[in-house]
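The values are calculated or read from the model by the stated rules, or taken from the named source; none is laboratory data. The structure presented is a predicted model; accordingly, all values stated were derived computationally and were not measured. Cβ atoms come from the backbone with ideal geometry, glycine included; neighbour counts cover every protein chain shown. For accessibility, only protein heavy atoms count, side chains too; no ligands or nucleic acids. Shrake-Rupley method; radii C 1.70, N 1.55, O 1.52, S 1.80 Å.
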Amino acid sequence: MSRPLYEIARDVRKDWKKVNYAAAPYLSAMAELDGINGMYYADSAKSVVLYFLSNASSWRGPVAKAIKAELKAMVK
């Protein structure tokens, strides 16, 4: 079973010190979500994660690579 999205968001914030302005709202939304099948207002958790990934290209390093792979696996 995968980790809750709020735990992943916490780990992203720990590692990514200057979160890209375009990724920040999606990261905040992820912090309020449990799983990939949830909803954040009118948006599905899946769409929130996909938008986060598309705006997180400037986040690099081993932690970024691992978390991005974890998120991609969740949306499949």
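For this structure, a couple of remarks:
- For the chain, averaging the sequence separation of C-alpha pairs within contact (under 8 Å, six or more residues apart) and dividing by the residue count gives a relative contact order of 33 percent.
- Treating each Cα of the chain as one equal point scatterer and applying the Debye formula with no solvent, the log10 of I(q)/I(0) at q = 0.15, 0.26 Å⁻¹ comes out as -0.41, -1.37.
- For the range 6-41, applying the loop criterion from DSSP together with a ceiling of 12 other beta carbons within 10 Å to the chymotrypsin sites (Phe, Trp or Tyr not before Pro) yields TYR21, TYR41.
- Estimated dipole of the chain in Debye, rounded to 20 [Cβ of Lys and Arg +1, of Asp and Glu -1, Cα centre]: 360
- When the pairs LYS18/LYS76; LYS18/LYS65; LYS18/LYS68 are compared against a 21 Å limit on Cα-Cα distance, LYS18/LYS76 fall above it.
- Carbon and sulfur %, accessible surface of the chain computed with the full protein complex present, 1.4 Å: 55
- Scaling the Cα radius of gyration of the range 18-60 by the globular reference 2.2 N^0.38 Å produces a ratio of 1.09.
- Cut-off under 5 Å, modelled amide H: who pairs with TYR40 long-range: ALA45
- Rounded to 10°, Cα long-axis angle of helix 62-75 versus longest principal axis of the chain: 20
- For the chain, the per residue solvent-accessible surface stands at 63 Å², with DNA, RNA and ligands left out and a 1.4 Å probe.
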